[in-house]
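Okay, structure first, notes after.
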Amino acid sequence: MDMALPVVNATAAVLARVSAAFNAPLARAVVFGVHIDGHLVVEGLLIAVIVFQLSRKSYKPPKKPLTEKEIDELCDEWEPEPLCPPIKEGARIDTPMLESAAGPHTIVDGKEVVNFASANYLGLIGNEKIIDSCIGSLEKYGVGSCGPRGFYGTIDVHLDCESKIAKFLGTPDSILYSYGISTIFSVIPAFCKKGDIIVADEGVHWAVQNGLHLSRSTVVYFKHNDMASLASTLEKLTRGNKRAEKIRRYIVVESIYQNSGQIAPLDEIVKLKEKYRFRVILEESHSFGVLGKSGRGLAEHYGVPIEKIDIITAGMGNALATDGGFCTGSVRVVDHQRLSSSGYVFSASLPPYLASAAVSAVNYLEENPSVLANLRSNIALLHKELSDTPGLEITSHVLSPIVFLKLKKSTGSPTTDLDLLETIADKVLKEDSVFIVTSKKSNLDRCKLPIGIRLFVSAGHTESDISRLSSSLKRVSASVLSDY
Amino acid sequence: MVRLPYTTALTTLFSYGLLFAFGQLRDFFRKFVDWFKAKNVKGYAPICLGLEDFYVRRLYLRIQDCFGRPIASAPDSWFDVVERTSNDNNKTLQCTSNTTRCLNLGSYNYLGFAAADEYCTPRVIESLKKYSASTCSVRVDGGTTKLHAELEELAARFVGKPAAILFGMGYVTNSAIIPCLIGKGGLIISDSLNHNSIVNGARGSGATVRVFQHNSPAHLEEVLREQIAGGQPRTHRPWKKIIVIVEGIYSMEGELCKLPEIIAVCKKYKAYTYLDEAHSIGAVGQSGRGVCELLGVDPADVDIMMGTFTKSFGSCGGYIAASKEIIQHLKQSCPAHLYATSMSPPAVQQVISAIKVILGEDGSNRGAQKLARIRENSNFFRSELKKMGFEVLGDNDSPVMPIMLYNPAKIPAFSRECLRQKVAVVTVAFPATPLLLARARICISASHTREDLMKALDVISRVGDLVGIKYFPAEPPKIAEADAEITS
C-alpha cells in the first residue's frame, strides 16, 4: 500500500504536468481572434509531413545512354545477311533467245518456230506502214526524248497520240506514260490517298498490287471475278457507315485478267457501282484493240457508255505492238495526273518513234476492223481443238486472247506443278518447234491463283499453226502427264 | 552550298505570303459562286479535295506556260519550240502552228546523241526492220533477243562489274529492284535529296527508311551507329541488313556525291551500298564511266550500281550492274523482269551503238572528242557564270548547273524573257525544290559549240540584270586590270 501510493502520486503528478502543458497559456495561442489548441499543432505537423512525402517524385532508376565503347562493340558484333539469297539448285534461268521479230513465226536458238508467246494480238509486228512511220520518226527526232514532259520532253507526236487515242475511245482527253506497267502503279496513288477505300479483285497482277500498296489506302479484296462476293463486300463497307459518304471509294478491276484469262462482267460492275456510289478504275491492257465490235475495249463489248467508267488505263505493249501506256477519263481526271502522277512527272517521256507507232496502229485498226474477226475465229478454233487435251483444261473465257491451260489434277505443291508445265513447254519447243510459255510468278506477288500454260493467240496465226500447236500439245501432255 | 542573303529570304517569304493570301481570297469568293452551281454528282466525294490542289490552282496555273513547252524537232542543241496561246488567263493553253528556233539549255543530252547520229541511226533503223518496234512479250517469255543479251554484257563491261540486267524504264528500275533486295526487318538509309523513284522503291519494299543529311558522311556515320546499336524499332532485334542509297550527280544541285568517304563509312559498318548514276554515267569521268572513275573509287567496292540510258545515250531504259549471284537472283524474282514488256529493240541498238562510240570501238575518236568537249563546256560555262555574279551551285566537271532565283516572280520573268531572246531554259520551283530555293537549271551538252555558249552567256547576263538575280558582286573584266597595271 505504501509503494502504490507514491506511484499513483507520481503518475498523477505527470498527468497533471502534461495536462498543464497542454492547457498552458502558450499552447493556447490566439491567432486572429481564434483560439487554437495544442493538439492542432501536432495535427498540422502531421499534415505537413504527409504533403511533403506526396510531393516527392517516385523513384525511377536513372537512364544511362550507351557509351561510345558499347556502341563500337555492338557495331563490331553485328553481322548482316547476304544481299541475295543463295540460288536454289536446279532453278531454270536460261530464257530462249529470239533472233528475229516476234511475229507469228520467229527464230528461236537458230530454229524457226511457231510463236504463241508474244501478245501480238492484231498481228501488227512487222507491219510495213508502222515500220515506215517509225523510220520517219527516228530520222526526224532520234531515239530518246531526253527529258520529262515538264521540261521540253513533250514532242508534238505525243500530243497527236494523246488526242488520237481520246478520239478513238470517245473520251475528252488522255495522257501518255512511257512504260506499260508504270501506268497503273502511278495512276492509283495519284487518286487514292490514305483514308480512302479500295475494293479490288484478288487476281489483279503485280503492277496493280504495287499501286494499291503505294497508295496507303484501305484495300479490301473480293473473290476472283465473283460478282456476289463483290456485292456483299460493297454492302458490308457502306452499310451503317455514315463517314463513307465523305471519303473516296474505288473499285479496281482488270478487263482481261493476266493471271487467269477471265473477263470482268462490266455491266454488273457498273450497276453495283451506281448503287453504292463507287468509282471504277479499269485496267484494259489486254482488251484494248481486242474486245468490242471495233476494238474499243470492254465498254464497247458490253454496250456500256464510256462516260460511266471513271478511269481507264492500258499498256500499249500488247495489241498495239508498241510500248508505253495511256490513261483516259474526264478532263479533271487527266489534268490532275499531269502534276501529281509520279511516273509521268519524274520520268523521261515516251520515245517519239513509239508514239508514232501507236498512232499508226490505231489508224490501222480503224481502217481494217476485219482483223478482229480473224482473231476471234483463231481463238474459237483453238478452244475447239484443245478441249480434249489429256491432263489439261482451259480455264479462260471463250473470248479472251490469252488461253489459259491448267493441270486437271494438281500434284499438290506449286513447285512440282511448275516443273511439269515447264517440261511440257520445253518438249513442245524442242520436238515440234512450237514456242509456248508457262505463267511465271515472282515471290513478291501476292496473287494466289493457280499457274498454268498461257497461249497468246494472234490474228496473224493461220489454221495450220493452230493445228500444229494442238496436236503437239496433246501428244506431249499425254506422255508427260501419263503418270499423274 | 546555298548562301541565301537575308533580305532575299524576307522578300521571298513576303511574295509567297501575298500569293497565298490572294489565293485564299479567290477561293473564298469561288465558294459563293459554286454554291449556286452543283459541281459534283450527288453522293460522290470530290476526286480532288479543295486543299490538296490549292498550290496547283492558285500558284502554278499563273505560270503554267513556263512548263511543259512542246517541241517540234529533235531535242538537239538547237530546236523548235511550239508557241502556245491562252484565252482564259493561263488556265488552258492551246498550241499554235508557229515555232521558234531556240538554243536548248534544258534537255538531258550530255553527249549529243539526242538527234539522228551518223553511226547510231542507220544501225537503229536496221534493227527496227529486223526486230520491229516491240517484242510484245515479257523478258522471260519471248522478249529476250540477241540485242538484249549483247547490251547486258556490254553494259557490265562498260561499268566494270561482272554482270548486268536491263529494264525498259529508269523509274521502274528503282521502284521494282529495291523491294527484291530488302524487305521487312531491313533498314534503308537514303540521302535526303534522293529522287522520287528511290523514295517509291524504298516505300514499296516494306523496310524501315531513315534519311541522312545531304552528302554528309559524318552524319551518315552517326545514323549508322545509332541504328545498329538500337536495332529494329520497338523490338530492338538486330537489323537483317542495311542498304545505303546515294546518287552520283544530284540533278537539282549539280553536286557530285562524296563517294570515297561514304564507301569507307559503309565498309566500316558492313552496310551495302547502292549507287544511282542516272545523270553521271557517260557524262563524267575520263572515259565516261561515271563518278567511280572521276573520284577514283573501285567499282567492286560499290555493291549495286544503277543507271539510266535516257540522259547520256539518247535512248530509254535503265540497268543494274552487280555480281553474278545478285543478277541471277534479280532475274528470277524481280517483278519488272517477269511482268513488264521488254525494252524496245531499236532503243537497245541505240545504246549499244552509243557505248561503242564512247569506247572508241566504232573505229573513230568521236567518243573521246565528245567527252572532252562536255568537260570543257561545263567548266567554261560555270566559271563564266560565276564571274558574272550569279549564284551557281554544283561542282566542277558536272554538266548540271542550277542558277538560284529565289523569288517566285523571277521564275516566270527569267523563263519568258529568255524564251523571247531565243534561249530555252528550265526553271524549277516548289515542290521539286524547297519553297524558298527556286532555281533555273542549265544542262550543258557536248553538241553545244563555243558560239552557242557565248550567245547563251550573253542572253543570260542581260536577262539576269533585268530580273535582278546577280546576287554576288561580279568580277571586273581582266582587260581593265591589265590597263590599270600598265598606267600605274
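So if I take the alpha carbon set of the stretch A:336-484, get Rg, then get Rh from the Kirkwood formula, what is the Rg over Rh ratio?
In the stretch A:336-484, Rg relative to Rh is 1.07.
Using the crude model of +1 on Lys and Arg Cβ and -1 on Asp and Glu Cβ, and no other charge, please compute the dipole size for the stretch B:71-182 relative to its Cα centre, in debye to 20.
Details: 10 positive and 11 negative charges, 38 e Å.
Dipole about the Cα centre, nearest 20: 180 debye.
To the nearest whole number, what is the average tally of beta carbon atoms from other chains within 10 Å of the beta carbons of peptide A:312-319? Kindly include the intermediate steps, with their values, before the conclusion.
Numbers: counts 0, 0, 0, 2, 3, 11, 4, 1.
Mean partner shielding for this stretch: 3.
Restricting everything to alpha-carbon atoms, can you work out Rg to Rh for the stretch B:106-204 with a Kirkwood hydrodynamic radius?
1.03
Taking amide hydrogens as modeled 1.01 Å from N in the peptide plane, which residues meet the under 5 Å criterion relative to B:V284, leaving out close sequence neighbours?
Under 5 Å from the amide H of B:V284 lie the amide H atoms of B:G290, each far enough along the sequence or on another chain.
Could you sort the peptides B:219-232, B:199-212, A:202-215 by per-residue average Cβ neighbour count (10 Å cutoff), highest mean leading? Walk me through the numbers before you get to the answer.
On the way: B:219-232: 17.7, B:199-212: 19.9, A:202-215: 22.6.
Final packing ranking: A:202-215, B:199-212, B:219-232.
Straight distance only, please: which aspartates and glutamates reach the Cα of A:K164 with their own Cα at less than 13 Å, same-chain residues fewer than 8 apart left out?
Once the sequence-local aspartates and glutamates are set aside, what remains near A:K164 is A:D156, A:D173, A:E366.
Ranking request for peptides B:288-294, A:167-173: highest mean number of other beta-carbon atoms within 10 Å first, then the rest in descending order.
Going by the mean number of other Cβ atoms within 10 Å, highest first, we get B:288-294, A:167-173.
Run the reach check for A:K275 against lysines, Cα to Cα strictly under 21 Å, same-chain hits fewer than 8 apart removed. What comes back?
Leaving aside lysines fewer than 8 places away in the same chain, those within reach of A:K275 are A:K223, A:K236, A:K242, A:K246, A:K308, B:K39, B:K42.
Averaged across A:152-161, how many Cβ atoms of other chains sit within 10 Å of each residue's Cβ atom? Walk me through the numbers before you get to the answer.
Values: counts 18, 9, 7, 8, 9, 2, 1, 3, 0, 0.
What the average comes to for A:152-161 is 6.
Going down the table (A:K271/A:K384; A:K167/A:K293; B:K184/B:K268), which pairs top 22 Å between alpha carbons? It would help to have the intermediate numbers written out before the result.
Values: A:K271/A:K384 33 Å; A:K167/A:K293 16 Å; B:K184/B:K268 24 Å.
Pairs exceeding 22 Å: A:K271/A:K384; B:K184/B:K268.
Would you mind checking which residues have amide H under 5 Å from B:T273's amide H? H placed 1.01 Å from N; only 5 or more apart, or other chain.
Amide H neighbours of B:T273, under 5 Å, 5+ apart: B:V244, B:D303, B:I304.
Using Cα-only point scatterers and the Debye equation, what is log10 of I(q)/I(0) for chain B at each q in 0.10, 0.12 Å⁻¹, rounded to two decimals?
-0.90, -1.23
How shielded is A:115-122 by partner chains, expressed as the average number of their Cβ atoms within 10 Å of its Cβ atoms?
Details: counts 3, 2, 8, 9, 9, 6, 1, 0.
Counting other chains' Cβ atoms within 10 Å and averaging over A:115-122 gives 5.
What share of Cα pairs, in percent, lie more than 42 angstrom apart in chain A?
On the way: 43678 of 116886 pairs.
In whole percent, the share of Cα-Cα pairs in chain A beyond 42 Å is 37.
Extent of the stretch B:11-168 along each principal axis, from alpha carbon coordinates, in Å, largest to smallest?
Principal axes ranked by extent give 64, 44, 35 Å for the Cα atoms.
Roughly what percent of Cα-Cα pairs across the stretch A:128-367 reach past 32 Å?
Numbers: 5448 of 28680 pairs.
The calculated P(r) of the stretch A:128-367 puts 19 percent of pairs beyond 32 Å.
Calculate, axis by axis, the spread of Cα positions in the stretch B:119-359 along the three principal axes, and write the results as whole Å, longest axis first.
Projected onto its principal axes, the Cα set of the stretch B:119-359 covers 59, 38, 29 Å.
Per-residue counts of other Cβ atoms within 10 Å, averaged by peptide: what ranking do you get for B:316-322, B:72-78, highest first? Let's see the in-between values first.
Details: B:316-322: 27.7, B:72-78: 21.1.
In decreasing order of mean packing, B:316-322, B:72-78 become B:316-322, B:72-78.
List the aspartates and glutamates whose Cα sits under 16 Å from the Cα of A:K69, skipping any in the same chain fewer than 8 residues away.
Hits, sequence-local ones excluded: A:E77, B:E221, B:E222, B:E226.
How big is the Cα convex hull of the protein assembly as shown in projection, averaged over all directions, in nm²? Don't jump to the answer; show the numbers that get you there.
Numbers: hull surface 268.3 nm².
Averaged projected hull area, Cα only: 67.1 nm².
Which is farthest toward the positive dipole end of the protein assembly as shown among A:G460, A:A319, B:G285, measuring Cα position about the Cα centre, with Cβ charges +1 (Lys, Arg) and -1 (Asp, Glu)?
Looking along the dipole axis, the top candidate is A:A319.
Just so you know, all these numbers are worked out from the coordinates, no wet-lab data involved. Just so we're clear, the structure is a prediction, and the values are computed from it rather than from any experiment. With ideal geometry, Cβ positions are generated from the backbone for all residues, glycine too; neighbour counts draw on all protein chains shown.
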